[in-house]
Amino acid sequence: MKQTIVKHANKISIIGAASCYGAKDMRCANAPIVFQKLADIPLLKQNENITWVKNIYPDHIPTSNSDKISVISEVCKQLAKHTHKAVNNQESFVVIGGDHSCAIGTWSGAYAALEKQGDIGLIWIDAHMDSHTMATSSTGAIHGMPLACLLGHGDEQLTGIETRANKLDPSNVCLIGIRSYEKEEAVFLEKLGVKIFYIEDVKKSGINKVLEQAKLRVSQNTVAYGLSIDLDAIDPNDAPGVGSPEKNGLNAEELIDALNKQEFNDDFIGLEIAELNSEQDLDDKTAKLAIKLINTIFQVRKYEHY
């Protein structure tokens, strides 16, 4: 019988990962600061149990590619400690990146907290697969590698954070909105058996049905699951301020509506939002959308035990 993770009502820790050395365009690094300056997260205003814990910054500017991996690894280690602590304390968490390499830390910490109880699942909403390794990447950009690292493939400084290399079982992972990727990534994920909903699948079936299927897949054989959203999954018309925009993306209002219809209950442990580029944004349109995503997901939560 599946064990349910019971959490304290409304306790949510927000952690910022103010780092963008995983990407070539490093303007996403200030995303957590932008969020705080907007000061428009109703949950923070209305509930003293929801706390912005801290923003994590790189400890130095990397001087080489190998040093860049070390800097990213250190940021992810710190981030993993905070998500680990939140889950241990039976709290939910929200992580605000930075580039999407922060996912290595976010979900390494979450997995480590629950490792003895069972596996965790992850819904990955993104325009990209983020499943390169150094052997397949033409750019060496770490933000194109976090999912591969969480599946146990990559540099040991990134895969070895907190606990064993593979934090995720491929059968417990689902990608949504994919439309920009390299053949090597697709072959890698398909060989492992990761479920991928390409943008064509979403357009055909509708985002609500796809989210329902994804949630079922990542929750049925796990003790908990989370949601990682790269804002470039959303169409640039709705989310212009992202690190790597790709046309023909998810419709923002349709995504919000679909999330509103989902029940994120006790086995939902956390949300991650990455790749906000405020310098490319228009009147904070993308930042406000990201805040709306946070509020939508957590306001529809059901705390049945309280």
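Which residue is farthest from Gly109 (Cα to Cα), if the candidates are limited to the range 160-175 and must be out of contact with any helix residue (DSSP H, G or I) (no Cβ under 6 Å at 6 or more places or on another chain) and either in a strand (DSSP E or B) or β-branched (Val, Ile, Thr) (or both)?
Leu175
Working carefully through the options Ala110, Ala127, find the one that is surrounded by 24 or more Cβ atoms within 10 Å (Cβ to Cβ) and under 25 Å from Asn221 (Cβ atoms).
Sole residue among the options that is surrounded by 24 or more Cβ atoms within 10 Å (Cβ to Cβ) and under 25 Å from Asn221 (Cβ atoms): Ala110.
Values in this text are rule-based calculations from the coordinates and carry no lab data. Keep in mind it's a predicted model, so treat the numbers as computed, not measured. Reconstructed Cβ throughout: ideal geometry from the backbone, glycine too, with neighbour counts over all protein chains shown.
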